[in-house]
Amino acid sequence: MIAIKGQPLTIVFALGAMLFALSFPIEAQQPKKIPRICYPGNVMARISPLTPLRERLRELGYIEGKNLTIESRYYKGQIDRLPTVVAELVSLDCDVIFTAGNEAAEAAKNATRTIPIVISNTSDAVRSGFIASLAHPGGNVTGLTAVGSEIRGKQVEVLKEVLPRLSRLGFVSTRLNPIAPKSLQAVESAAQILRIAIERLEANEPDEIEVAFQTARKKQAEAILMDGGAFFAFNERRLLQAAVNSRLPTMHSNARFVEAGGLMTYTHDRNAEYRRAAEYVDKILKGAEPADLPVERPTKFELVINLKTAKQIGLIIPQRVLLKADRVIR
């Protein structure tokens, strides 16, 4: 056996290997932390913002359980529970909080100034106080913001195309939606130009949804424009049934309502927005600071019409409107 300074070579190798191992920092020997995304959701719906988000994250190389964890907690339409739900998620040591809607974005921003927040499907993010500006959001919030109340004017125009003689329109909102006043202003401005009277209706409890539609009929409204928000999203089935029972043509705030049986919507493509949000998450996990990521506005809008529902309420959609539709459900 070869020896070095009187020691067998095998012993020298063993001592060297031991010293080499001890030379590594303790941190390097610890398992790598798996990034955690936290999501305060409204309801575990058939169409969840997490579905397109997960899809895009997989395309970007993230595999849940291997190099990514997603934690969800649901407030089930109870806006007053959002602070508690978000606080629970914050306690889980999130790397990124992903939100959909103004209510969740506001709760997340109030809960933490350090954890990065990627917002989506929000309206008027600057005026709502989530960010300083689109180009320079500042703080820990970035992501995507919708055109917000501005879309309401276009929705009124589409209803006028469908119903050329429309003279009285019911606008159903809820005080649980923080941007409802701005939406009402936009609706009234567009209606004034088109010489349409607006009936303001409100629903803040599930039972009040049916009452709002019944009141609209009593006040001789010829159509309904629905405001958005988590309250109406959670009470989707009830809202859609009330709309069909009233037989009033209804413009919804979200394509999910039309896919589930609502008449029509004109709005931004939310699935495209949630997929884009995944790219923001990816950048942050790779080291980007939210303050340095400009907030984007949607570029893709869609008119979706459900012809089955139109037939059910006895409405004929003009051909010129159908030709403009991005999707027609037959």
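The values are calculated or read from the model by the stated rules, or taken from the named source; none is laboratory data. Just so you know, these numbers come straight off a predicted model, no measurement behind them. Heads up, the Cβs are rebuilt from the backbone with ideal geometry, glycines too, and the neighbour counts pull from every protein chain shown. Just so you know, the surface numbers come from the protein's heavy atoms only, side chains and all, with ligands and any DNA or RNA stripped out. Shrake-Rupley method; radii C 1.70, N 1.55, O 1.52, S 1.80 Å.
A few notes on this one:
- Rg to Rh quotient for the stretch 134-284, alpha carbon positions, Kirkwood Rh: 1.00
- Residue 323-residue 81 pseudo-label distance in nm [points 7 Å out on the Cα-to-Cβ vector]: 4.9
- Area of residue 324 that stays accessible when all protein chains are in place (1.4 Å probe, Å², to 10): 120
- Label-point separation in nm, residue 32 to residue 247, each point 7 Å along Cα→Cβ: 6.4
- Using the average count of surrounding beta-carbon atoms within 10 Å as a protection proxy, the listed peptides 49-55, 307-313, 220-226, 158-164 rank, highest first, as 220-226, 49-55, 158-164, 307-313.
- Distant alpha-carbon pairs in the stretch 81-199 (separation over 19 angstrom), percent: 54
- Note that the stretch 129-137 has calculated 3J(HN,Hα) couplings of x, 6, 9, 6, 7, 5, 6, 9, x Hz, one per residue in order, obtained from phi through the Karplus relation 6.51 cos²θ - 1.76 cosθ + 1.60 (θ = phi - 60°); glycine and proline are x.
- Applying D = kT/(6 pi eta Rh) to the chain, where Rh is the Kirkwood radius over alpha-carbon pairs, T corresponds to 4 °C and eta to 1.567 mPa s, the Stokes-Einstein value obtained is 59 µm²/s.
- Taking every lysine pair in the stretch 189-317 that is 8 or more places apart or spans two chains, those with Cα atoms closer than 27 Å amount to 6.
- The 1.4 Å probe gives accessible areas that order 252, 136, largest first, as 136, 252.
- DSSP bridge analysis restricted to the stretch 51-202 gives an antiparallel fraction near 0%, rounded to the nearest 5.
- Residue 150/residue 204 FRET efficiency (R0 22 Å; Cβ-Cβ; nearest 0.05): 0.35
- Evaluated at q = 0.19, 0.23, 0.24 Å⁻¹: base-10 log I(q)/I(0), Debye formula over Cα of the stretch 48-125: -0.86, -1.20, -1.27
- Vicinal HN-Hα couplings computed from phi for the stretch 222-231 (Karplus, 6.51 cos²θ - 1.76 cosθ + 1.60; Hz; Gly/Pro x): 9, 6, 10, 10, 8, 7, x, x, 5, 4
- Distance between modelled label sites at residue 312 and residue 237, nm, 7 Å Cα→Cβ extension: 1.4
- Accessible carbon and sulfur surface of the chain relative to its total accessible area, %, 1.4 Å: 53
- Efficiency of FRET from Cβ geometry, residue 134 and residue 60, R₀ 22 Å, rounded to 0.05: 0.40
- Largest first, the three principal axis extents of the alpha carbons in the stretch 207-330 are 56, 36, 20 Å in whole numbers.
- Simple rule: put +1 on each Lys or Arg Cβ and -1 on each Asp or Glu Cβ in the chain, find the dipole, and look at 116, 299, 70; the Cα lying farthest toward the positive end is 299.
- Average accessible area per residue (Å²) across the chain - probe 1.4 Å, nucleic acids and ligands excluded: 50
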